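> If you scroll down you'll find the structure; I have some questions about it.
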Amino acid sequence: MVIKNLENKIKLVGIICTAFLAGCIIISVSSIWTARTMVTDAQKKVYVLDGNVPILVNRTTMDETLDVEAKSHVEMFHHFFFTLPPDDKYIRYTMEKAMYLVDETGLAQYNTLKEKGFYSNILGTSSVFSIYCDSIAFNKEKMEFTYYGRQRIERRSNILMRELVTAGQLKRVPRTENNPHGLLIVNWRTLLNKDIEQKTKANY
């Protein structure tokens, strides 16, 4: 009778130990899962200081913002490449900035224009070139874009408006200070560049 009671107690202790061990495993796994979830959620949230007031903002991945960043990258490049005042130092500065955003196809166009005396002509005639973006079509799947814009060329005697359409692809690269979007324009080419309007200055 005593042996039987002892066996029952041993079984009871075994059941209790097994249940305790299973409970510990469940609690541990739950704790690890909860902690990982909290860390992941915390990494998606960023605090931005507005003066001395911290504001909570959500962090997003590049895939979520690719459309916006791609269009901003393309517009930034065209602004640097086609905004040309009669200032050789400023032109060199903007061209250097533009070359960080494009592959050798951009450099080839720059060298071609330079060899033809295009930039020297801007300085000689005191022309001012400005670019206006009308729209940018971007295909996220193919990473292709088409840029539609107008270029305003102001000379001493007249103002010329030109229609500009370019196209290319985008390639992902590491983000840097000179390339904040982490994108690179490749196979860039001009599809259309024609005069659409010319006005003579009234005070000339």
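> May I ask you to list the residues in the stretch 177-204 that are open to solvent by 60 Å² or more (accessible area, probe 1.4 Å) and of a type in the set (D, E, K, R)?
Selection gives Glu177, Arg189, Lys194, Asp195, Glu197, Lys199.
> Under 6 Å between Cβ atoms, which residue pairs at least 6 apart in sequence (or on different chains) link something in the stretch 192-204 that is modelled with pLDDT of 75 or more with a partner that is surrounded by 11 or more Cβ atoms within 10 Å (Cβ to Cβ) and β-branched (Val, Ile, Thr)?
Going by the 6 Å Cβ cut-off, the qualifying pairs are Leu192/Val165; Lys199/Ile159.
> Right, here's the next one. How many residues does the stretch 96-120 hold that are of a type in the set (A, V, I, L, M), touching a Gly at 6+ places or on another chain (Cβ under 9 Å) and in a helix (DSSP H, G or I)?
The qualifying residues number 2.
> Another question, if that's okay. Run Ile122 past the list (1) closer than 21 Å to Pro180 by Cβ; (2) in contact with a strand residue (DSSP E or B) (Cβ under 9 Å, 6 or more places away or on another chain); (3) open to solvent by less than 30 Å² (accessible area, probe 1.4 Å) and report the number of the one that doesn't hold.
(1)
> Another question, if that's okay. For the stretch 139-152: of the residues being touching a residue at least 60 places away in the same chain (Cβ under 8 Å) and closer than 16 Å to Thr190 by Cα, which is farthest from the chain's Cα centre (by Cα)?
Among those residues, the one meeting the criterion is Gln151.
> Identify, by number, the condition in (1) of a type outside the set (Asp, Glu); (2) in contact (Cβ under 8 Å) with a residue 12 or more places away in the chain; (3) surrounded by fewer than 13 Cβ atoms within 10 Å (Cβ to Cβ) that Pro174 doesn't meet.
(2)
> Follow-up question, since we're still on this one. Would you say Ser127 is of a type in the set (S, T, N, Q) and surrounded by fewer than 15 Cβ atoms within 10 Å (Cβ to Cβ)?
Spelling it out, it is not the case that Ser127 is of a type in the set (S, T, N, Q) and surrounded by fewer than 15 Cβ atoms within 10 Å (Cβ to Cβ).
> Here are some residues: Lys114, Lys89, Lys171. Which one is among the basic types (Lys, Arg) and within 21 Å of the chain's Cα centre (by Cα)?
Details: Lys114 fails: within 21 Å of the chain's Cα centre (by Cα); Lys89 fails: within 21 Å of the chain's Cα centre (by Cα).
None of the other options fit; the residue is Lys171.
> On to the next question. When you scan the stretch 53-66, do you find a residue that is modelled with pLDDT of 95 or more, among the acidic types (Asp, Glu) and under 24 Å from the mean Cα position of the chain (by Cα), even just one?
No, the stretch 53-66 contains no residue that is modelled with pLDDT of 95 or more, among the acidic types (Asp, Glu) and under 24 Å from the mean Cα position of the chain (by Cα).
> Still on this structure, please answer the following. Scan the stretch 92-108 residue by residue and report those that are open to solvent by 50 Å² or more (accessible area, probe 1.4 Å) and either farther than 24 Å from Ile185 by Cα or touching a residue at least 24 places away in the same chain (Cβ under 8 Å) (or both).
Those that are open to solvent by 50 Å² or more (accessible area, probe 1.4 Å) and either farther than 24 Å from Ile185 by Cα or touching a residue at least 24 places away in the same chain (Cβ under 8 Å) (or both): Lys97, Tyr100.
> Further question: Which condition number does Leu123 fail, the rest of (1) of a type in the set (A, V, I, L, M); (2) in a strand (DSSP E or B); (3) out of contact with any Phe, Trp or Tyr (no Cβ under 9 Å at 6 or more places or on another chain) being met?
(2)
> Is there a residue being at pLDDT below 90, among the hydroxyl-bearing types (Ser, Thr, Tyr) and more than 17 Å from Leu84 (Cβ to Cβ) anywhere in the stretch 147-164?
yes
The values are calculated or read from the model by the stated rules, or taken from the named source; none is laboratory data. Note that the coordinates shown come from a computational prediction; the quantities given were computed from them, not determined experimentally. Cβ coordinates were reconstructed from backbone atoms using ideal geometry, including for glycine residues, and neighbour counts include every protein chain displayed. Just the protein is used for accessible areas: all its heavy atoms, side chains included, with ligands, DNA and RNA removed. Shrake-Rupley method; radii C 1.70, N 1.55, O 1.52, S 1.80 Å.
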